[in-house]
Amino acid sequence: MSNAKSKERPEGYPDRHYLNAAHGLKSWFLTTDHKRIGLLYLLAITLFFFLGGAFAVLIRLELATPGGDLVQPETYNRLFTMHGIVMIFFFLIPSIPAVLGNFLLPLMIGAKDVAFPRLNLASWYVYMAGGIFTLWALFEGGLNTGWTFYTPLSTVYSNTAVTTAGIGIFITGFSSILTGMNFIVTIHRMRAPGLTWFRLPLFVWSQYATSLIQILGTPVLAITVLLLALERTLKLGIFDPALGGDPVLFQHLFWFYSHPAVYIMILPAMGVISELIATFSRKRVFGYRFVAFASVAIAILGFLVWGHHLFVSGQSVYAGAVFSVLSMLVAIPSAVKVFNWTATLYKGAVSWETPMLYALGFIGLFTIGGLTGVMLATMGIDIHVHDTYFIVAHFHYIMVGGAIMGYLGGLHYWWPKIAGRLYPVFLSKFAAIIIFVGFNLTFFPQFILGYLGMPRRYHSYPDEFQVLNVMSSAGATILGIGYLIPMLYFAWSMFYGKRCTQNPWGAKGLEWETASPPPTLNFDEIPTVTEEPYDYTPKEVQHAG
Amino acid sequence: MSVHVEPIRVYITIFLALMGLTVLTVWAAFQDFGVMSNPIALGIAIAKATLVVLFFMHVRHSTGMTKLVVAGGFLWLLILFGITLSDYQTRDILDPPAAMTMPVDVPGPAHH
Ligand SMILES: [Cu+2]
């Protein structure tokens, strides 16, 4: 089964840990161990990621040629709809919170588990139930409304599986609410002695801010989707003017959740980046408190900007102007983070480990995604490029270039903690570079396409757009290979990778002060915290200073 | 942390109050209060919700943190309603001046 190398045990490698504490399917599917639940989520979201990726492959194949020659227009509508729904609700939203957050939060605050371990397991089952409903919609022929479910298409005109998919999203929302609630209570109540709020790792701060959005925003999405289903099935007049409703109301309600949802995706990634930058610069994050408060500021401001999705939907010009200004305000805490990460690098002992490559990639790509976001907050530009590929490029820079880079960076950083094993160094750096190159080749041409006027959500386009579209499709192929490589070596490493020491990066933080992989109850003895976070300055220097 | 136990008398009183307010709701629905119809209906509804939150959900005797969470939830509801209304209530002002709107000959939804 395994070779000699994978059997070698470094000094202090634990005999008993959460992975071998119990065996058999039951020990996994009925576990209340936050670490095992994190792995259940990891498996599930990876499946959804490759499903969502398969839809993207078909989209990019169709767009390699100007004619609509691969799939019917109706099929194309269903492809981009399912791509969006699967990637957003079943991959990006749960990705960092439910996998890395679940695994790390109790470890980082010196707790034995989350506050409500059984609720935590329940959240996974709720997530899976929602996932099954949404996949069921596929067998009913899919749906063609886009992930945004805009009315009146979704209520009056579409005869596709809107209700089934809506119920799936409604259910899955509750898993997100349960995770958020669990994390908030855990952070409030279960911190180790001495671990004050300003000694918390910035990843914990960002998870806290994310959880606030999850519990304040997700119920609104649930109600909105429910109203949609009720109008479809019972002809309740909420959104349909013929029944006394208003279609723009749907957009208000939908984006009240779905704009903050972008921060459910990006805030945890920002938290990961703060950890990576500190570890691989061997420095305390510059302006720690500003970065911590920036997370909370983004979470709150994020709720006040949704109308920037309605600039051309009949919203009043006055409301549009207010939303435009408020949207630009989000740039302030975002920029605080980018500048502070950069300042942390300055004069740091920077090393180029694989997670750091993702962190640096994140900073560049997030900056492009964020700055184009400020452009789009300006009504003059947004009205020009709305519903074009410029929008598609912008949000993929945030969600793929930002959130997925953060997720992969975090997975590479904490993998030795999760698996107690290493992955191939060269191959992982190669994959990180492949992903960066593939990503930019896929999405940068889309900025140009959109600016030139290519609308989104069409399966064919004029001939003059072909060169840029072929570049994008070629980039997507590279990106796809880039994503496959880590999946393969992580799966290999889980069973055959070289066993690692407790703290292979020499990093600070409570999660590294217990064995890798950790015991089921995380710590043999609950630690007492006596120092600031990211305390990398050698003790002699501290005393001399 | 000790749990405050409400005497059963309180639950019965609140239940009767809710029933009374429900009768009031039905009665008010059949009266013509003009512009005050909606504020009156909403006022009764808010009174009922407040009773449920304070007594049935035990918020009255809960910690400051619980009260903060409840208040936060309602603040967010206000944000949702308030900013959405800022669109609906301003649709008629700041419309582009007539000189800026282009003449349209294609049949379409009429502008107000
Ligand atoms: Cu937005």
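The values are calculated or read from the model by the stated rules, or taken from the named source; none is laboratory data. Just so you know, these numbers come straight off a predicted model, no measurement behind them. Note that each Cβ is placed from the backbone with ideal geometry, even for glycine, and that neighbours are counted across all protein chains shown. Remember, those area values only see protein heavy atoms, side chains included, never the ligands or the DNA or RNA. Shrake-Rupley method; radii C 1.70, N 1.55, O 1.52, S 1.80 Å.
How many residues are facing chain B (nearest Cβ under 7 Å) and at positive phi if we restrict to the stretch A:303-336?
0
Let me confirm something: among B:Thr63, B:Thr50, B:Thr90, which residue is farther than 30 Å from A:His308 by Cα, within 14 Å of chain A (Cβ to nearest Cβ) and modelled with pLDDT under 95? Spell out how you get there, then give the answer.
Numbers: B:Thr50 fails: within 14 Å of chain A (Cβ to nearest Cβ); B:Thr90 fails: farther than 30 Å from A:His308 by Cα.
Step by step, each of B:Thr63, B:Thr50, B:Thr90 is checked, and only B:Thr63 is farther than 30 Å from A:His308 by Cα, within 14 Å of chain A (Cβ to nearest Cβ) and modelled with pLDDT under 95.
Within the group A:Phe395, A:Phe323, which residue is within 16 Å of the ligand (Cβ to nearest atom) and in contact with a Phe, Trp or Tyr (Cβ under 8 Å, 6 or more places away or on another chain)? Quick ask: steps written out before the conclusion?
Working: A:Phe395 fails: in contact with a Phe, Trp or Tyr (Cβ under 8 Å, 6 or more places away or on another chain).
Being within 16 Å of the ligand (Cβ to nearest atom) and in contact with a Phe, Trp or Tyr (Cβ under 8 Å, 6 or more places away or on another chain) holds for just one of A:Phe395, A:Phe323, which is A:Phe323.
Can you find a residue in the stretch A:291-299 that is within 16 Å of the ligand (Cβ to nearest atom), in contact (Cβ under 8 Å) with a residue 24 or more places away in the chain and within 13 Å of chain B (Cβ to nearest Cβ)?
yes
For the structure I just gave you, tell me whether A:Leu138 is open to solvent by less than 30 Å² (accessible area, probe 1.4 Å) and not basic (Lys, Arg). Explain how you work it out, then say what you get.
Numbers: open to solvent by less than 30 Å² (accessible area, probe 1.4 Å): no; not basic (Lys, Arg): yes.
Answer is no for this residue.
Find the residue count for the stretch A:209-241, including only residues that are over 28 Å from A:Ser334 (Cβ atoms) and in a helix (DSSP H, G or I). Steps first, please.
At the first step, the residues of the stretch A:209-241 found to be over 28 Å from A:Ser334 (Cβ atoms) are A:223, A:225-241.
So of that shortlist, the ones also in a helix (DSSP H, G or I) come out as A:223, A:225-234, A:241.
The number of residues fulfilling the criteria is 12.
State whether one or more residues within the stretch A:249-267 are open to solvent by less than 30 Å² (accessible area, probe 1.4 Å), away from the ligand (no atom under 16 Å from the Cβ) and not aromatic (Phe, Trp, Tyr).
No - not one qualifying residue is present in the stretch A:249-267.
Is one or more of the residues making up the stretch A:424-445 open to solvent by less than 40 Å² (accessible area, probe 1.4 Å), hydrophobic (A, V, I, L, M, F, W, C) and within 24 Å of A:Ala292 (Cα to Cα)?
no
Being open to solvent by less than 30 Å² (accessible area, probe 1.4 Å) and of a type in the set (Gly, Ala, Ser) narrows it down to one residue among A:Ala44, A:Ala54, A:Ala22; which is it? First the steps, then the outcome.
Details: A:Ala54 fails: open to solvent by less than 30 Å² (accessible area, probe 1.4 Å); A:Ala22 fails: open to solvent by less than 30 Å² (accessible area, probe 1.4 Å).
The conditions single out A:Ala44.
How many residues does the stretch A:100-153 contain that are assigned to a helix (DSSP H, G or I) and within 30 Å of A:Asn77 (Cα to Cα)? Working first, answer last.
Applying the first criterion (assigned to a helix (DSSP H, G or I)) to the stretch A:100-153 yields A:100-108, A:117-139, A:153.
Keeping just the survivors that are within 30 Å of A:Asn77 (Cα to Cα) gives A:124-139, A:153.
Of the residues in that region, 17 qualify.
Conditions first: (1) within 14 Å of chain B (Cβ to nearest Cβ); (2) surrounded by fewer than 20 Cβ atoms within 10 Å (Cβ to Cβ). A:Phe339 passes all but one, so which condition is the exception?
In the conditions (1) within 14 Å of chain B (Cβ to nearest Cβ); (2) surrounded by fewer than 20 Cβ atoms within 10 Å (Cβ to Cβ), A:Phe339 misses (1) alone.
Identify, from the list A:Leu230, A:Leu178, A:Leu202, A:Leu236, the residue that is away from chain B (no Cβ under 14 Å) and out of contact with any helix residue (DSSP H, G or I) (no Cβ under 6 Å at 6 or more places or on another chain).
Numbers: A:Leu178 fails: out of contact with any helix residue (DSSP H, G or I) (no Cβ under 6 Å at 6 or more places or on another chain); A:Leu202 fails: out of contact with any helix residue (DSSP H, G or I) (no Cβ under 6 Å at 6 or more places or on another chain); A:Leu236 fails: out of contact with any helix residue (DSSP H, G or I) (no Cβ under 6 Å at 6 or more places or on another chain).
Just one listed residue meets the conditions, A:Leu230.
On the basis of being modelled with pLDDT of 90 or more, of a type in the set (Val, Ile, Thr) and exposed (fewer than 13 other Cβ atoms within 10 Å of the Cβ), does B:Val23 make the cut?
Values: modelled with pLDDT of 90 or more: yes; of a type in the set (Val, Ile, Thr): yes; exposed (fewer than 13 other Cβ atoms within 10 Å of the Cβ): yes.
Answer is yes for this residue.
Does A:Ile273 meet the test of being more than 14 Å from the ligand (Cβ to nearest atom), in contact with a Phe, Trp or Tyr (Cβ under 7 Å, 6 or more places away or on another chain) and open to solvent by less than 10 Å² (accessible area, probe 1.4 Å)?
On the way: more than 14 Å from the ligand (Cβ to nearest atom): yes; in contact with a Phe, Trp or Tyr (Cβ under 7 Å, 6 or more places away or on another chain): yes; open to solvent by less than 10 Å² (accessible area, probe 1.4 Å): yes.
Here the answer is yes, as A:Ile273 does meet what is asked.
Does at least one position in the stretch A:402-414 carry a residue that is over 22 Å from the mean Cα position of the chain (by Cα) and of a type in the set (Phe, Trp, Tyr)? Before you say what the answer is, go through the steps one by one.
From the stretch A:402-414, those over 22 Å from the mean Cα position of the chain (by Cα) are none; that's our starting set.
Within the stretch A:402-414 (the criterion being over 22 Å from the mean Cα position of the chain (by Cα) and of a type in the set (Phe, Trp, Tyr)), the answer is no, since none of the residues qualifies.
How about the stretch A:300-312: which of its residues are open to solvent by 30 Å² or more (accessible area, probe 1.4 Å) and more than 9 Å from the ligand (Cβ to nearest atom)?
Of the residues in the stretch A:300-312, the ones open to solvent by 30 Å² or more (accessible area, probe 1.4 Å) are A:300-301, A:304, A:308-309, A:312.
Those that are open to solvent by 30 Å² or more (accessible area, probe 1.4 Å) and more than 9 Å from the ligand (Cβ to nearest atom): A:Ile300, A:Leu301, A:Leu304, A:Val312.
Please specify each residue of the stretch A:343-391 satisfying the condition of being under 30 Å from A:Pro538 (Cα atoms) and either within 16 Å of the ligand (Cβ to nearest atom) or among the basic types (Lys, Arg) (or both). First the steps, then the outcome.
Applying the first criterion (under 30 Å from A:Pro538 (Cα atoms)) to the stretch A:343-391 yields A:343-363.
If the condition is that a residue be under 30 Å from A:Pro538 (Cα atoms) and either within 16 Å of the ligand (Cβ to nearest atom) or among the basic types (Lys, Arg) (or both), then A:Lys347 is the only one that fits.
Mind checking whether some residue in the stretch A:462-481 is open to solvent by 20 Å² or more (accessible area, probe 1.4 Å), of a type outside the set (Phe, Trp, Tyr), under 30 Å from A:Lys112 (Cβ atoms) and not in a loop (DSSP other than H, G, I, E, B)?
Looking through the stretch A:462-481, none of the residues is open to solvent by 20 Å² or more (accessible area, probe 1.4 Å), of a type outside the set (Phe, Trp, Tyr), under 30 Å from A:Lys112 (Cβ atoms) and not in a loop (DSSP other than H, G, I, E, B).
Output the qualifying pairs, or none if there are none: Cβ atoms under 8 angstrom, residues six or more apart or on different chains, first residue in the stretch A:253-271 and free of Cβ contacts under 8 Å to residues at least 60 places away in the same chain, second residue within 11 Å of the ligand (Cβ to nearest atom) and not in a helix (DSSP H, G or I).
Listed pairs, sorted by first residue: A:Trp255/A:Leu310; A:His259/A:Val305.
Against the conditions (1) at pLDDT 95 or above; (2) more than 30 Å from A:Leu249 (Cβ to Cβ); (3) not β-branched (Val, Ile, Thr), where does A:Phe390 fall short? Just the number, please.
So A:Phe390 meets the others, but not (2).
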